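Chemist: Submitted below is the structure of interest, expressed as structure tokens.
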Amino acid sequence: MSYFFQLVVSGIVVGSIYALSGLGFVLIYKSSRVLNIAHGQIIAAGAFITYALTVWVHIPIYISFLMSMVITFFLAMSVERIFLRRLIGEPIISVIMVTIGLMSILDGLIYLTPFGTENFSFPPFLPTTPISFGGVSISWTQMVGVAITFSMIAGFSWFFKKSTVGISMRAVSDDQLASMSIGISVPRVFGLAWAMAGLSAAAAGGIIGNITGLNFDTLHAFGIVVFPVVILGGLDSILGAVVAGIIMGLIQQFASGYLDGNWGLNGTGEVLPYIILLVILLFKPHGLFGIHEIERV
Amino acid sequence: MSSNRWLATGNYFTSYQEEQRIFFTSLDRSAMCIFILCLFAWPLFIDVGNKYMLVIDNILVAIIAVMGLNLVTGFAGLISIGHAAFVGIGAYTVASFARNLGDSHVLITHAWPLMIVLAGCMGAVFGAIVGLPALRLKHLYLAMATLSFQMIFEWTINFMNFFNQGQTISVGRVFWLTGKVARKEHYIFWYYAILVVIVILAFAVRNLLCTRYGRCLVAVRDNDRAADAMGMHPGFTKVYAFGLAGFLAGIAGGLHAYLYRGVGIDSFTLHHSINYLAMAIVGGLGTLNGSFWGPLAIKVLDLQVERLSEWVGAHLTVATNLATALRPLSFGLVIVLFLMFEPRGIANWWRIARSYVKLWPFRY
């Protein structure tokens with residue numbers, strides 16, 4: 001039984017990171033209908049900036065975590081300003097392809113740094129002995145990571161419910177023309193959505209980097225796993241991204257915990273999200289919390 | 001109608017049949033015949049060596065795959081981020097025969113045209129299955145469906161013993177009229193074989209686009225509601241487009257398996273899917289000659305970048321990272337620059353050049 005609870009705990013840890021990565025993805029999609037395929041690279045960039053600031057510049061990790069969030073905020077904003085602003089109104093395939101090109105460019109830029117090919121790990125800054133409750137153990141890094149994730153999600157939901165900027169972002173995602181007519185600058189909101197996504201991606205990257213170590217392949221794989229998460233939750237629902245992230249984390253952990261090694265299966269945790277994605281697309285394409293106004297044929 | 005379409009201005013067609021012909025004038029037809037003859041004849045006079053012949057063969061295989069991708073993405077307007085998986089399905093069809101029967105079984109070495117057609121059919125079946133969500137959904141969601149198919153395909157190959165867990169499965173050398181194709185003639189033999197396949201497929205695709213089904217694809221892309229009202233079935237048209245794309249990709253995969261005399265997962269990853277998409281875009285989506293320009297441009301660029309990074313690696317020993325970074329960097333820049341400044345691709349340059357000649361000495 002303790003094995004089961006151990007899986008639940010690690011599922012929630014992984015799932016909350018998925019939730020945080022999915023959140024940034026949904027933010028961009030919700031406001032500007034852009035499918036950001038370069039999200040994994042932004043996550044990786046956030047993690048690497050945190051590491052560089054902590055280890056090379058010797059800034060305390062909490063401050064460098066915040067600083068990397070700020071840097072990625074402006075990085076993502078400038079990405080939107082330079083590449084995506086001129087594609088507003090272009091066919092959807094151009095926009096998707098631009099994010100694919102962006103992915104390649106960011107890949108190249110990361111390969112220029114040592115992070116592209118070598119593995120690093122953060123110096124431990126929390127107690128290394130894991131906490132355990134009756135056979136179920138959770139490390140301090142995971143604990144703090146989950147705490148930060150949930151507080152960030154809470155912060156984001158407050159931002160969208162109460163603050164003026166958040167409400168204007170929701171207005172733009174609802175109806176661009178109407179929000180323009182009441183004086184909201186739609187391009188600015190697009191930029192802001194990218195910036196917020198960058199911020200959440202950097203947070204996710206920093207947490208993943210602390211939990212699993214810095215490996216470029218693992219980090220940018222998160223940008224792809226985000227797809228099943230956001231489809232399960234509904235592409236335009238922030239609550240959906242959070243719930244689906246945790247569900248997906250649990251499914252992955254259970255699959256690799258119970259299925260692998262039996263019946264000659266191996267690595268099921270990696271493939272199950274995509275099978276779920278295909279099944280959802282066939283039967284419930286708007287996901288758990290998505291709006292039903294899906295474009296049908 | 002003028003006999004020279006390069007000089008004629010305006011539309012002189014008087015019937016639909018006339019507009020749907022492949023060659024509009026006899027001049028066009030003879031120019032195309034001479035061009036194809038040149039393509040067949042040049043290896044007799046110029047010896048480029050095996051290394052560059054392999055590059056050329058690679059370009060030709062990519063052209064077949066991109067023709068398929070262009071059908072589904074350019075003409076039917078459905079984004080496919082899993083095209084390399086369909087190519088892989090074709091290649092692994094040949095490979096699974098080779099693994100079951102032994103890599104120099106008579107079916108592999110003598111009946112290779114049959115194997116290639118079979119590879120295409122498997123590709124078509126999988127294409128249609130993956131396209132099934134198209135019965136209900138539109139572009140964004142289809143991109144997701146094809147992406148997940150890519151990931152499932154990679155996982156299946158990597159974790160199944162039957163597929164050698166992604167390691168190379170060898171495919172035997174083929175026989176031709178005179179006997180087994182010799183090692184040093186391998187690439188030149190496949191150059192001719194692939195060229196024949198391309199000529200057949202290019203005419204088939206060109207013809208298809210003139211028929212009811214081809215025009216259905218374009219109609220569904222441009223406005224599916226209007227197409228529905230005109231009596232077409234948008235969902236089935238899309239599934240059909242995926243099937244066709246899968247067929248072309250499967251053939252490309254089968255040829256790839258024979259060309260490399262082996263199949264490994266390394267040639268069919270997500271990275272390659274993105275590469276195919278980039279080729280289609282750089283060439284020009286929704287144009288047939290774009291599917292020829294795109295692979296050519298991207299592969300030549302690749303070759304140049306490789307040479308540059310070799311040069312950089314040789315001169316600056318610290319800059320090994322720079323060499324690995326150059327490829328994705330240049331690739332990404334090419335995609336982004338094309339999308340921002342020439343979204344209609346290289347095929348558009350061809351169109352501009354033609355209208356320039358037509359209107360000369362006047363211009364807009």
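No value in this document is a laboratory result; all are computed from the given coordinates. Computed from a prediction, not measured in an experiment: that's the story for all the values here. Cβ placement follows ideal geometry from the backbone for every residue including glycine, while neighbour counts extend to all protein chains displayed.
Chemist: Amide H neighbours of B:G284 under 5 Å, at least 5 residues apart or on other chains, H built in the peptide plane: list them.
Modeler: Here B:I346, B:A347 satisfy the definition.
Chemist: Let me ask something else. What percent do you get for the relative contact order of the stretch B:156-308 when only Cα pairs under 8 Å and 6+ apart count?
Modeler: Details: 101 pairs, mean separation 36.8, N = 153.
In percent, rounded to a whole number, it is 24.
Chemist: In terms of modelled amide H atoms, which long-range or inter-chain residues lie less than 5 Å from the amide H of A:F289?
Modeler: Here A:G234 satisfy the definition.
Chemist: What order, most packed first, do the peptides B:346-352, B:303-309 have when packing is the mean number of other Cβ atoms within 10 Å of each residue?
Modeler: So the peptides B:346-352, B:303-309, ranked by packing, come out B:346-352, B:303-309.
Chemist: Related question: Compute the long axis of helix B:112-130 from its Cα atoms, compare it with the longest principal axis of the Cα atoms of chain B, and write down the angle in degrees, 0 to 90, nearest 10.
Modeler: 70 degrees
Chemist: Which one of A:G22, A:A44, A:I61 is farthest out on the positive end of the charge dipole of the stretch A:1-134, using unit charges on Cβ (Lys, Arg +1; Asp, Glu -1) and the Cα centre as origin?
Modeler: Going by the Cα projections, it comes out as A:G22.
Chemist: I've got another one for you. Specify whether the C-alpha gyration tensor of the stretch A:79-136 places it in the rounded, prolate or oblate class, a ≥ b ≥ c being the square roots of the eigenvalues: rounded for a/c under 1.5, otherwise prolate if a/b is larger than b/c and oblate if not.
Modeler: On the way: a/c = 3.91, a/b = 2.18, b/c = 1.80.
Because a/c hits 1.5 or more and a/b exceeds b/c, the stretch A:79-136 counts as prolate.
Chemist: Sticking with this one: Report the local net charge at A:G267: Lys and Arg +1, Asp and Glu -1, summed over other residues whose C-beta lies under 14 Å from its C-beta. Please report the intermediate quantities before stating the final value.
Modeler: Numbers: positive: none; negative: A:D260, A:E270, B:E154.
Summing Lys/Arg as +1 and Asp/Glu as -1 gives -3.
Chemist: Among B:231-240, A:155-164, B:168-177, how do they line up from the highest to the lowest mean number of other beta-carbon atoms within 10 Å?
Modeler: Put in order of decreasing packing, that is B:231-240, B:168-177, A:155-164.
Chemist: If you keep only loop residues by DSSP, which chymotrypsin sites (Phe, Trp or Tyr not before Pro) in the stretch B:1-102 have at most 16 other Cβ atoms within 10 Å of their Cβ? Please report the intermediate quantities before stating the final value.
Modeler: Details: sites: B:W6, B:Y12, B:F13, B:Y16, B:F23, B:F24, B:F35, B:F40, B:F45, B:Y52, B:F75, B:F86, B:Y92, B:F97; in loops: B:W6, B:Y12, B:F13, B:F23, B:F24.
Counting only loop positions with at most 16 other Cβ atoms within 10 Å, the chymotrypsin sites (Phe, Trp or Tyr not before Pro) in the stretch B:1-102 are B:W6, B:Y12, B:F13, B:F23.
Chemist: Starting from the Cα gyration tensor of the protein assembly as shown, take the square roots of the eigenvalues, sort them a ≥ b ≥ c, and report rounded, prolate or oblate (rounded when a/c is under 1.5, otherwise prolate if a/b is larger than b/c, else oblate).
Modeler: prolate
Chemist: Express in whole angstrom the spacing between the alpha-carbon centres of the stretch B:213-265 and the stretch B:30-57.
Modeler: For the stretch B:213-265 versus the stretch B:30-57, the Cα centre distance is 29 Å.
Chemist: Sticking with this structure for a sec: Specify the inter-centroid distance of the stretch B:301-364 and the stretch A:84-146, based on alpha-carbon positions, in whole Å.
Modeler: Using only Cα atoms to place each centre, the spacing works out to 29 Å.
Chemist: Let me have the relative contact order for the stretch B:49-282, percent, based on Cα pairs under 8 Å that are six or more residues apart. Don't skip to the end; give the middle numbers.
Modeler: Details: 401 pairs, mean separation 105.6, N = 234.
Worked out over the stretch B:49-282, it gives 45 percent.
Chemist: Among A:Q253, A:Q176, A:Q142, which one shows the biggest mean-square fluctuation in a GNM of chain A, springs joining Cα atoms closer than 10 Å?
Modeler: Comparing A:Q253, A:Q176, A:Q142 in a Gaussian network model of chain A, the most mobile one is A:Q176.
Chemist: Moving on. When the chain is fully extended, how far beyond the present Cα-Cα distance does B:S96 get from B:D47, taking 0.36 nm per residue of separation?
Modeler: That pair, B:S96 and B:D47, stretches by 14.2 nm at full extension.
Chemist: Starting from the stretch A:100-153, pick out the chymotrypsin sites (Phe, Trp or Tyr not before Pro) whose DSSP state is loop and whose Cβ has at most 14 other Cβ atoms within 10 Å.
Modeler: Those satisfying the criteria are A:F125.
Chemist: Taking 0.36 nm per residue of separation and subtracting the Cα-Cα distance, what length does fully extending A:F4 through A:I88 add?
Modeler: 25.4 nm
Chemist: Okay, moving on. Within 9 Å, Cβ to Cβ, of B:I169, how many net charges do the neighbouring residues add up to if Lys/Arg are +1 and Asp/Glu are -1?
Modeler: 0
Chemist: Using Cα-Cα distances under 8 Å and only pairs 6 or more residues apart, what relative contact order does chain A have, in percent?
Modeler: Computed over chain A, the figure is 36 percent.
Chemist: Okay, next question. So what are the three principal axis dimensions of the stretch B:49-282 from its Cα atoms, in whole Å, longest to shortest?
Modeler: 57, 38, 30
Chemist: State, to one decimal in nm, how far the label point of B:N164 lies from the label point of A:L126, with both points 7 Å from Cα in the Cβ direction.
Modeler: About 4.5 nm separates the two model spin labels.
Chemist: Also, I was wondering about something else. With a ≥ b ≥ c the root eigenvalues of the C-alpha gyration tensor of the stretch A:161-268, is it rounded (a/c under 1.5), prolate (a/b larger than b/c) or oblate?
Modeler: Taking the square roots of the gyration eigenvalues as a ≥ b ≥ c, the stretch A:161-268 is prolate.
Chemist: Now for a different question. Quick one: 3J(HN,Hα) in Hz for the stretch B:234-247, Karplus 6.51/-1.76/1.60 with θ = phi - 60°, rounded, Gly and Pro as x.
Modeler: Using θ = phi - 60°, the values come out as x, x, 5, 4, 5, 4, 5, 4, 4, x, 4, 4, x, 4 Hz.
Chemist: Show me, for the stretch A:273-280, the HN-Hα J-couplings you get by feeding each phi into the Karplus relation (A = 6.51, B = -1.76, C = 1.60, θ = phi - 60°), rounded to Hz, glycine and proline as x.
Modeler: x, 6, 5, 4, 4, 5, 5, 4
Chemist: Return one number: the angle in degrees, 0 to 90 and rounded to the nearest 10, between the long axis of the Cα atoms of helix A:140-162 and the longest principal axis of the Cα atoms of chain A.
Modeler: The helix A:140-162 is inclined about 20 degrees to chain A.
Chemist: Using label points projected 7 Å from each Cα along Cα→Cβ, tell me how many nm separate B:F236 and B:T25, to one decimal.
Modeler: Between B:F236 and B:T25, the simple spin-label model gives 4.1 nm.
Chemist: Between A:S151 and A:L109, what is the FRET efficiency for a Förster distance of 35 Å, r being their Cβ-Cβ separation, to the nearest 0.05?
Modeler: On the way: r = 31 Å, r/R0 = 0.87.
Using R0 = 35 Å, I get an efficiency of 0.70.
Chemist: Order the peptides B:329-341, B:101-113, B:285-297 from the highest to the lowest mean number of other Cβ atoms within 10 Å of their residues. Display every interim value, and only then the final one.
Modeler: Details: B:329-341: 19.3, B:101-113: 15.6, B:285-297: 23.1.
Highest mean packing first, the order is B:285-297, B:329-341, B:101-113.
Chemist: Here's something else I'd like to know. Given the DSSP H assignment, sum -39500 (n - 2.57) over each helix run of at least 4 residues in chain A and divide by its residue total; what's the result at 222 nm in deg cm²/dmol, nearest 500?
Modeler: On the way: 11 runs with 202 residues, N = 297.
So the helix-based figure for chain A works out to -23000 deg cm²/dmol.
Chemist: Lysines near A:K284 by alpha-carbon distance under 20 Å, same-chain residues fewer than 8 away left out - which ones?
Modeler: A:K30, B:K138, B:K238
Chemist: Right, something else. Against the longest alpha carbon principal axis of chain A, how many degrees, from 0 to 90 and to the nearest 10, is the axis of helix A:61-79 turned?
Modeler: 30 degrees
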